[in-house]
Amino acid sequence: MQIRGCASRPATLQLLEDSLVLNYGGKPMHFNYVWLRDHCRSAASYNSQTHQRNVDTGGIDLTIRPDNTSVQDEHLILTWPGGHVTKYSLSWLAENSYERQKQSRVQPRVLWNSDIYKNANVPSAKWDLFMSSDDEVKKFLQNYLLYGIAFVDEVPATVEATEAVTQRVSLIRETTYGRMWCFTSDFSRGDSAYSQLALDRHTDTSYFQEPCGIQVFHCLKHEGTGGRTLLVDGFYAAEKVRQQSPENFDLLARVPIRHEYIEKSDTHRNHMTGIGPVLDLYPWNKELYLIRYNNYDRSVINTIPHELVQRWYVAHRMLTTELRRPENELWVKLNPGKVVFIDNWRVMHGRESFTGLRQLCGCYLTRDDVLSTARGFGLQA
Ligand SMILES: [Fe+2]
């Protein structure tokens, strides 16, 4: 074990058998030697133009140790057997350390119930500016990332305009329902969405192995009563469960269940299944990133050992109770012109029953591409 000092800012190194401990900014961080060789940013090891690795990880000796290690001018300098030199800035190491990642969030969010959302007075984007100003799209995406919902107003009540507004944000994900879908209550598909019935809160396409990332709705016409849209922040409810019962939360995050969509009609034949837990968390920081909640599409539960089934139902009920609290329900009337974007990995949607003709159009977006657009604007996603 050696300890070396640093001239400019306090930084110490402790060399262990398979790793070193860097104490920088008052926090010890562990870096494995193979990791340090693997992440070398020298031109021979990493292409900074393409941001791709050149070094062959499979060729690194798993017992590798640097011959020489020092800290100079805010940099860690390692000389490897054979003479290759790796230089890391200490700030880069701190940023990319496990210890830092464990403490930070991948995506900052504001969790909400109805009052929190209303009091935040989140502005809607306006069609004209949204279509012409990238800065407006950036503001819209920032709200979308924080709250999981965002609105564009004054959109012409057509499928084409809805498609155009959507494409300002990202690529449209084509599914069995089409690219842009447009429906009325005509029971044209084997799904209760195509009726006048109320729909309880749910996430869509839970029967996909990767549920659709974003749901877009635009009500083009409604001649009748009812039909308000219900929005509920699933993460707000799930975090209440985590506070009340970590065991229940853990069970919902650990036990995979199946969702299923079966459609057999003259024109459509589908049989899809998606398998995963109700709650998905990043394992290193326990941050919630996906909720699957659809009581309509949940399939036969046969993936839970019998001694856990009762406990799973108790945990699921606790989540349902939170999701159904009236104070957590945000009711919105989607009049023609108002387009809503919903994070389908977080925010549930539903609707009250309605009368009369109601024409709705919309589409799904791929989550990867929406987040990519956001990161392009410098937003944390
Ligand atoms: Fe839905």
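A few notes on this one:
- Complete set of residues in the stretch 215-235 that are within 12 Å of the ligand (Cβ to nearest atom) and under 16 Å from R324 (Cβ atoms): L230, L231
- Any hit, the stretch 344-357, residues being part of a helix (DSSP H, G or I), within 16 Å of the ligand (Cβ to nearest atom) and within 25 Å of the chain's Cα centre (by Cα): no
- Scanning the stretch 236-260 for residues that are away from the ligand (no atom under 16 Å from the Cβ) and assigned to a strand (DSSP E or B) yields a total of 2.
- Screening E99 against (1) assigned to a helix (DSSP H, G or I); (2) under 30 Å from R358 (Cα atoms) leaves a single unmet condition, (2).
- No other residue among A94, A125, A120, A150 is assigned by TED's automatic domain parsing to the domain that holds V34 and either of a type in the set (A, V, I, L, M) or over 30 Å from N328 (Cα atoms) (or both) apart from A94.
- Strands (runs of 3 or more DSSP E) within the stretch 1-91 that include 1 or more residues surrounded by 10 or more Cβ atoms within 10 Å (Cβ to Cβ) and of a type in the set (F, W, Y): 19-24, 27-32, 85-89
- Here the stretch 327-343 is the region considered, the condition is being within 16 Å of the ligand (Cβ to nearest atom) and in a loop (DSSP other than H, G, I, E, B), and the residue that is nearest to K221 (Cα to Cα) is L334.
- For the stretch 358-378, the set of residues classified as within 14 Å of the chain's Cα centre (by Cα) and not in a helix (DSSP H, G or I) consists of L365, T366, listed by residue number.
- Residue identified as within 16 Å of the ligand (Cβ to nearest atom), of a type outside the set (S, T, Y), surrounded by fewer than 21 Cβ atoms within 10 Å (Cβ to Cβ) and within 19 Å of the chain's Cα centre (by Cα) among F183, F208: F208
- The stretch 211-259, subset among the β-branched types (V, I, T) and crowded, with 19+ Cβ neighbours inside 10 Å, residue farthest from the chain's Cα centre (by Cα): T229
A quick yes/no check of all residues on (1) at pLDDT below 95; (2) closer than 23 Å to G226 by Cβ; (3) of a type in the set (G, A, S):
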residue	(1), (2), (3)
I275	no, no, no
T303	yes, no, no
R325	no, yes, no
N344	no, no, no
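The values are calculated or read from the model by the stated rules, or taken from the named source; none is laboratory data. These figures come from a predicted structure and were not determined experimentally. In this analysis, Cβ positions are derived from the backbone assuming ideal geometry, glycine residues included, and neighbour counts consider all displayed protein chains.
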